[in-house]
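A quick write-up on the structure given underneath.
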Amino acid sequence: MTDDATMVSVSNDIDVVTARRTGRELAARVGFTSRDLVLIATAISEIARNTVRYAGHGQVTMTAVTNGRRRGITVVVRDAGPGIEDIEQAMRDGFSTGKSLGLGLPGARRLMDDFEVVSAAGQGTTVTMSKWLR
């Protein structure tokens, strides 16, 4: 069940900051602690920044969700960029096809409770991640 959803288009650093702030505000309404707000905002920022860097633009959809007794936030980041040829390799710390530290995807995975990447070369990428209230 979804309670509250917001979509932010991202194509530059200002949009990434907007997505981060919007996700943090939504998570605060759900009831997350200040520590979890930082984790969620960081994960959103990492994945949205990857979208801008590698695809040029995409959408970040953030939804307050209820699953039985659990409440949380689900973030879906979609782009129509070049895709990820080897997801397993991309999920390893230190791997990067750009000039970065290669911590974005694996770092975001560690910050969230659920994390999934669906991608194929030339087909774009969708990252779905959730954090649940404890």
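The values are calculated or read from the model by the stated rules, or taken from the named source; none is laboratory data. Please read all numbers here as calculations on a predicted model, not as lab measurements. With ideal geometry, Cβ positions are generated from the backbone for all residues, glycine too; neighbour counts draw on all protein chains shown.
Looking at the structure I just gave you, is Thr61 closer than 22 Å to Gly124 by Cβ and not in a helix (DSSP H, G or I)?
Yes, satisfied.
Could you check the stretch 18-48 and list, in sequence order, the residues that are under 27 Å from Ala121 (Cβ atoms) and touching an Asp or Glu at 6+ places or on another chain (Cβ under 8 Å)?
Ala48
Just the residues that are β-branched (Val, Ile, Thr), surrounded by fewer than 19 Cβ atoms within 10 Å (Cβ to Cβ) and assigned to a helix (DSSP H, G or I), please, taken from the stretch 33-51.
Val38, Thr42
Check the stretch 18-32 and report whether any residue there is closer than 12 Å to Lys131 by Cα and not in a helix (DSSP H, G or I).
yes
Looking only at the stretch 4-14, how many residues end up being outside any strand (DSSP E or B) and more than 11 Å from Thr51 (Cα to Cα)?
Selection size over the stretch 4-14: 1.
All but one of (1) at pLDDT below 95; (2) small (Gly, Ala, Ser); (3) surrounded by 14 or more Cβ atoms within 10 Å (Cβ to Cβ) hold for Gly68, so report the exception by its number.
For Gly68, the exception is condition (3).
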